[in-house]
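Q: Could you have a look at this structure, given as structure tokens, before my questions?
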Amino acid sequence: MAEVIWGLATSHVPSIGAAMDNGKTGDEYWKPLFDGYAPAREWMAEHTPDVAIVVYNDHANAVDLDLVPTFGIGTAESYQVADEGWGPRPVPVVQGAPALSEHLVRELVDDSFDIATFHQLDVDHGLTVPLSVYCPEPGDAWPCAVVPVLVNVIQYPQPTAARCYALGQALGRAIRSFPHEAKVAVFGTGGMSHQLAGARAGLINEEFDRMFLQAIETEPEKLAALTREDYIREAGTEGIELIMWLVMRGALSDNIRRVHDTYHVPASNTAAALALFEELGA
Ligand code: DHB
Ligand code: FE
């Protein structure tokens with residue numbers, strides 16, 4: 001049977017990927033952020049999954065704004081790296097895990113989550129930057145297969161935080177019922193507080209971020225009870241990406257251990273964070 005071995009929450013800011021791609025991680029601006037990742041990266045390198053389930057949002061790169069599913073799962077053999085305007089990132093093609101994808105889709109639909117399926121999907125920074133946070137130097141291939149799980153966080157009405165947490169719980173059940181041996185890591189991506197445009201552009205709410213970073217471990221129900229308006233007011237229009245951390249958290253049990261976390265301002269125009277949790281078994 002498949003098992004969840006850890007959960008990683010991480011920002012997916014495109015410039016974090018660009019810093020790695022362009023050899024700038026030791027620069028004065030970036031070094032504190034990447035130093036903060038180091039203990040988590042070392043631990044993950046010793047606890048390697050077979051499959052990463054990456055909960056992320058497409059940023060209108062592969063999913064046209066004319067048709068935005070609330071939740072989706074990639075079912076492809078592989079996923080090309082999206083061209084977001086500067087050419088695709090120089091990172092490997094993402095290999096899929098179609099048998100696991102199809103199992104997850106079926107289990108989730110049977111569990112009343114009406115999931116859209118992506119048989120073809122180019123993956124943008126929302127997915128590739130978290131993979132680089134996990135594995136900074138993949139060489140010719142990423143060290144694990146990937147199942148993309150897409151959440152609409154960019155077009156109103158986004159799913160509620162409670163629905164995302166419930167999706168994560170259903171996802172956890174679905175993973176654990178996959179009848180093949182597989183070590184699975186679940187990534188929740190995006191956040192923390194940020195707003196990229198409008199009158200409040202540049203918004204950082206450290207008090208909210210620190211509350212969220214703590215509560216995601218011990219009080220996820222409290223975060224699931226916040227409305228989408230609460231998220232946007234407190235964390236900014238794009239800070240609502242944090243609801244994707246709740247999908248990851250829902251897939252873990254209550255018996256978890258915080259391996260490491262880090263919080264850094266600024267990365268681009270945002271507050272960036274990472275939180276890593278080991279699953280100790282239900
Ligand atoms: C930026 C883009 C993102 O998708 C995000 O989550 C954070 C920052 C940016 O363009 O800076
Ligand atoms: Fe984003």
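The values are calculated or read from the model by the stated rules, or taken from the named source; none is laboratory data. Just so you know, these numbers come straight off a predicted model, no measurement behind them. All Cβ positions, glycine included, derive from the backbone under ideal geometry; neighbour counts span all protein chains shown.
Q: From the list Pro14, Pro39, which residue is of a type outside the set (Phe, Trp, Tyr) and more than 16 Å from ligand 2 (Cβ to nearest atom)?
A: Testing whether each residue is of a type outside the set (Phe, Trp, Tyr) and more than 16 Å from ligand 2 (Cβ to nearest atom) leaves just Pro39.
Q: Please specify each residue of region 194-204 satisfying the condition of being touching a residue at least 60 places away in the same chain (Cβ under 8 Å), more than 12 Å from ligand 2 (Cβ to nearest atom) and either of a type in the set (A, V, I, L, M, F, W, C) or touching a helix residue (DSSP H, G or I) at 6+ places or on another chain (Cβ under 6 Å) (or both).
A: Ala201, Ile204
Q: If you go through region 166-188 one residue at a time, do you hit one that is within 16 Å of ligand 2 (Cβ to nearest atom), under 25 Å from Ala275 (Cα atoms), crowded, with 21+ Cβ neighbours inside 10 Å and at pLDDT 95 or above?
A: yes
Q: Take Ile53 and decide whether it is within 16 Å of ligand 1 (Cβ to nearest atom), closer than 15 Å to Ser132 by Cα and crowded, with 20+ Cβ neighbours inside 10 Å.
A: So Ile53 does not fit the description; no.
Q: Considering only residues that are more than 16 Å from ligand 2 (Cβ to nearest atom), of a type in the set (A, V, I, L, M, F, W, C) and assigned to a helix (DSSP H, G or I), which ones fall in region 145-165?
A: Ala161, Ala162
Q: Name, by its number, the condition in (1) of a type in the set (Ser, Thr, Tyr); (2) under 25 Å from Glu107 (Cβ atoms); (3) more than 11 Å from ligand 1 (Cβ to nearest atom) that does not hold for Thr227.
A: Result: Thr227 passes all but (2).
Q: If you go through region 150-163 one residue at a time, do you hit one that is more than 16 Å from ligand 1 (Cβ to nearest atom) and closer than 24 Å to His119 by Cβ?
A: yes
Q: Is it fair to say Ala99 is surrounded by 15 or more Cβ atoms within 10 Å (Cβ to Cβ) and more than 14 Å from Gly72 (Cα to Cα)?
A: For Ala99, the condition - surrounded by 15 or more Cβ atoms within 10 Å (Cβ to Cβ) and more than 14 Å from Gly72 (Cα to Cα) - is not met.
Q: For region 155-184, name all the residues that are out of contact with any helix residue (DSSP H, G or I) (no Cβ under 6 Å at 6 or more places or on another chain), aliphatic (A, V, I, L, M) and within 10 Å of Ala251 (Cβ to Cβ).
A: Ile175
Q: So Arg41 ticks every box in (1) under 20 Å from the mean Cα position of the chain (by Cα); (2) in contact (Cβ under 8 Å) with a residue 40 or more places away in the chain; (3) surrounded by fewer than 19 Cβ atoms within 10 Å (Cβ to Cβ); (4) within 16 Å of ligand 1 (Cβ to nearest atom) but one. Which box is left unticked?
A: Arg41 satisfies every listed condition except (4).
Q: Checking the condition aromatic (Phe, Trp, Tyr) and more than 28 Å from Glu229 (Cβ to Cβ), which residue from Tyr134, Tyr165, Tyr56 passes?
A: Tyr134
Q: For the condition within 16 Å of ligand 2 (Cβ to nearest atom), free of Cβ contacts under 8 Å to residues at least 60 places away in the same chain and crowded, with 18+ Cβ neighbours inside 10 Å, what is the one hit in Ala82, Ala76, Ala9?
A: Ala82
Q: Let me ask something else. Do any residues in region 122-139 that are touching a residue at least 24 places away in the same chain (Cβ under 8 Å) have Cβ atoms under 8 Å from those of residues that are among the polar types (S, T, N, Q) and more than 12 Å from ligand 1 (Cβ to nearest atom), where the two are at least six apart or on different chains, and which pairs are they?
A: Listed by first residue and then by second, the contacts come to Asp122/Gln80; Val123/Gln80; Pro136/Thr25; Pro138/Ser132.
Q: Answer yes or no: is there a residue in region 27-34 that is of a type outside the set (A, V, I, L, M, F, W, C) and surrounded by 15 or more Cβ atoms within 10 Å (Cβ to Cβ).
A: no
Q: May I pose another question? If a residue has to be surrounded by fewer than 18 Cβ atoms within 10 Å (Cβ to Cβ) and part of a helix (DSSP H, G or I) to count, how many in region 189-216 make the cut?
A: Total meeting the criteria: 6.
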